[in-house]
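Here is the structure we will look at.
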Amino acid sequence: MKLKKGIALLMLVAIAIACKTNPFTGKKTIALVSNDQLFPSSFAQYNQVLSESKVVTGTQDSEMIKRVGQRIAVASERWLNANGYQAYLDDYKWEYKLIESEQVNAWCMPGGKIAFYTGILPIAQNETGVAAIMGHEVAHALANHGQQRMSTGLLQQAGGVAVAVAAGNESPEKQQMWMQAYGIGSTVGFALPFSRSHETEADKIGLYLMAVAGYNPEEAAELWKRMKANSGGQAPPEFLSTHPHPDTRIENLNALVPKAKAEAKKYGVTSFRPVN
Ligand SMILES: [Zn+2]
């Protein structure tokens with residue numbers, strides 16, 4: 001009996017240690033795997049996806065994805081530095097790739113590994129639209145949403161799996177878990193959608209990031225209107241219109257625009273690039 005209590009106490013202590021406050025959300029979240037464990041897996045999965053995909057290079061579009069990505073990364077860094085989190089991005093190895101695919105998809109894996117699919121470009125419509133998507137996806141990564149989803153998944157399984165997933169050999173199960181945690185799956189029902197609260201958080205952080213990066217935050221709502229019009233079952237869960245309700249999302253984004261502009265002003269950004 002005593003032993004059981006002792007073990008329970010140890011587990012509680014372990015969970016308490018694993019809880020970290022996220023600078024972007026101010027929330028304490030469970031992180032059963034550290035960046036040291038997570039990022040090498042993330043980078044390996046990213047390279048795996050790239051090796052199985054047609055990566056577009058040297059085109060106007062691929063250069064644009066890179067340019068927007070770099071600006072969003074700089075905005076993230078400025079924001080973190082200004083808020084006392086200088087070391088937060090130390091382990092990040094930003095990369096921004098465009099993949100030739102009809103899928104309406106884009107994602108950012110832990111450590112700043114970003115992919116856009118050519119299928120999402122007509123909905124992005126312009127560079128500012130790309131910035132809205134990029135800000136949103138980078139926000140999921142910075143707020144550790146995928147990691148939280150993975151940690152929850154791990155908690156539901158046997159305790160030892162946490163370590164196995166972080167350090168173990170490549171396996172179809174492991175890859176599938178990554179795909180699900182980070183929304184990389186291409187068909188509905190394979191990748192899990194992020195929760196409504198995670199989506200709302202990513203919308204808000206993403207809007208601030210795009211504004212600090214010099215892109216007009218008013219355009220985020222326009223992007224989601226186009227996303228809504230397009231969501232005829234083709235979009236993966238990350239971009240399905242039902243979660244949160246697209247009209248609520250658009251209203252929320254519009255309501256946050258003045259705050260995003262005020263945030264950008266703190267960094268000397270008082271006008272935005274023309275939308276084209
Ligand atoms: Zn999202």
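Take the conditions outside any strand (DSSP E or B), at pLDDT below 85, over 16 Å from the mean Cα position of the chain (by Cα) and away from the ligand (no atom under 16 Å from the Cβ) and apply them to A166. Does it pass?
Considered against the rule, which asks whether it is outside any strand (DSSP E or B), at pLDDT below 85, over 16 Å from the mean Cα position of the chain (by Cα) and away from the ligand (no atom under 16 Å from the Cβ), A166 comes out as yes.
Could you give every pair whose Cβ atoms fall below 6 Å, whose first residue belongs to region 128-148 and is within 13 Å of the ligand (Cβ to nearest atom), and whose second residue is among the small types (G, A, S) and not in a helix (DSSP H, G or I), counting only separations of at least 6 or pairs across chains?
I133/A106; E137/A106
Identify, from the list A143, A106, A139, the residue that is at pLDDT 90 or above and closer than 21 Å to K27 by Cβ.
A139
Could you give me the residue pairs with C-beta distances under 6 Å whose first residue belongs to region 57-81 and is open to solvent by 10 Å² or more (accessible area, probe 1.4 Å), whose second residue is of a type outside the set (F, W, Y) and in a helix (DSSP H, G or I) wherever it lies, and which are 6+ apart or on separate chains?
Short answer, once both residue conditions are applied: M64/E127.
Yes or no, residue by residue, for (1) at pLDDT 90 or above; (2) open to solvent by 70 Å² or more (accessible area, probe 1.4 Å); (3) touching a helix residue (DSSP H, G or I) at 6+ places or on another chain (Cβ under 9 Å):
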{"position": "K20", "(1), (2), (3)": "no, yes, no"}
{"position": "S53", "(1), (2), (3)": "yes, no, no"}
{"position": "N83", "(1), (2), (3)": "no, yes, no"}
{"position": "Y96", "(1), (2), (3)": "yes, no, yes"}
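The values are calculated or read from the model by the stated rules, or taken from the named source; none is laboratory data. Everything numeric in this text was worked out from a predicted model, so none of it was measured. Positions of Cβ are generated from backbone atoms using ideal geometry, with glycine treated the same way; all protein chains shown enter the neighbour counts. In case anyone asks, the SASA skips ligands and DNA or RNA and just uses the protein heavy atoms, side chains included. Shrake-Rupley method; radii C 1.70, N 1.55, O 1.52, S 1.80 Å.
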